[in-house]
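The values are calculated or read from the model by the stated rules, or taken from the named source; none is laboratory data. What you are looking at is a predicted structure, and each value in this text was computed from that prediction instead of being measured. Don't worry about glycine lacking a Cβ; one is built from the backbone with ideal geometry, like all the others, and counts go over all protein chains shown.
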Amino acid sequence: MSFFKKFKEKMLGSTPEAEETVSITNKFKEGLSKTRNQFTSKVNDLVAKYRKVDEDFFEELEEILLQADVGFETVTELMDSLRFEVQRKNIKNTSGIQSVISEKLVEIYNAGEDDVTELQLEESDLSVILFVGVNGVGKTTTIGKLAHRLKGEGKNVMLAAGDTFRAGAIEQLQVWGDRVGVEVIKQSEGSDPAAVMYDAVRAAKSRGVDVLICDTAGRLQNKVNLMNELEKIHRVISREIPNAPHEVLLALDATTGQNALVQAQTFKEVTNVTGIVLTKLDGTAKGGIVLAIRNKLHIPVKFVGLGEQMDDLQPFDAEKYVYGLFADGLDLEEAEEIESDK
């Protein structure tokens, strides 16, 4: 059974699970529309151009994938895998090749996946999430959306305004705190970020908070200063709460393409990043960067930004992502035909 048919089967029926799958898949489909309009149309044109799968077809497909920012190493791995699959299955023509490509993309993303993609939070104690990332990637907005999501799950959430360097950063986080309805611990601009974290952890513990989300400055000009600052913040937090922070999430702007990889590599060198939050995925035609980040850095993408609304920050799902890349629409009638054929 093809990737698309197997995936559509998950959306059949009126169970809460199926309805949720449809709803979230819609978000991925809509959020990836710019990438899909570029990527899928080119793949469709390629399939129409080449009726048989040959080396010329593979070379043009490779170029399309590179243009989508999938990344050279990932594309090379994918092409090797596709060539093997085509030979193994004795595939002669290009009909249905999109399904084979999609299956291989999911396999590549999940290959050697030892990392847990869900947030690692304490069940009955305070959890600390540390956000890192350069200025302008949507870090503060993402913190607000994650706070909204966690609050919707019944968590008592608090924010810490640790970006005391950028003008307006504290006020921006406070706006999000007011919008979501969560408390923000802050000091004046220019204060020691570690001192803010100390106050925040103490306040969170005394007020029975479930999750403390900490903002940090996004300076990359001097990696030594960045490393020292993050190490100090880590030290202050872990002194108050052993094993904290429980997550270090790196916010990356999907619209910056390969530059996001450079940022990720830098932050990986200076701190223990446990997950990626890829913002503005809906704003780029190069959504293949998700695969490049995962394959090159071996850090799981935990959340993606698929729009401007509060609930458009979604946990990353490789199958929904790949379906969103290829789907021209949620063809539920076809899914129902699959059900009737069983």
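Pairing residues of the range 163-183 that are polar (S, T, N, Q) with residues that are surrounded by fewer than 13 Cβ atoms within 10 Å (Cβ to Cβ) and outside any helix (DSSP H, G or I), at Cβ distances under 8 Å and at least 6 apart in sequence or on separate chains, gives Thr164/Ser188; Thr164/Gly190. As a summary of the residue check, Ala48 satisfies the conditions (1) at pLDDT below 85; (2) over 20 Å from Glu103 (Cα atoms); (3) more than 20 Å from the chain's Cα centre (by Cα) except for the one numbered (1).
Going through (1) assigned by TED's automatic domain parsing to the domain that holds Thr164; (2) out of contact with any Ser or Thr (no Cβ under 6 Å at 6 or more places or on another chain) one by one, Ile299 falls short only on (1).
For Glu334, the conditions (1) modelled with pLDDT of 85 or more; (2) within 24 Å of Glu107 (Cβ to Cβ) all hold with the exception of (1).
Evaluate the following for Arg207: is it out of contact with any Leu (no Cβ under 9 Å at 6 or more places or on another chain) and either modelled with pLDDT of 95 or more or closer than 23 Å to Phe303 by Cβ (or both)? Here the answer is yes, as Arg207 does meet what is asked. Would you mind finding the one in Ile213, Ile129 that is touching an Asp or Glu at 6+ places or on another chain (Cβ under 8 Å) and modelled with pLDDT of 95 or more? One residue alone meets the criteria, Ile129.
Quick one: in the range 135-154, of everything that is among the small types (Gly, Ala, Ser) and outside any loop (DSSP other than H, G, I, E, B), which residue is farthest from Glu171 (Cα to Cα)? If we take residues in the range 135-154 being among the small types (Gly, Ala, Ser) and outside any loop (DSSP other than H, G, I, E, B), then Gly152 is farthest from Glu171 (Cα to Cα). If the condition is being without any contact (Cβ under 8 Å) to a residue 60 or more places away in the chain, closer than 29 Å to Arg83 by Cβ and hydroxyl-bearing (Ser, Thr, Tyr), then the range 14-66 contributes Ser41, Tyr50.
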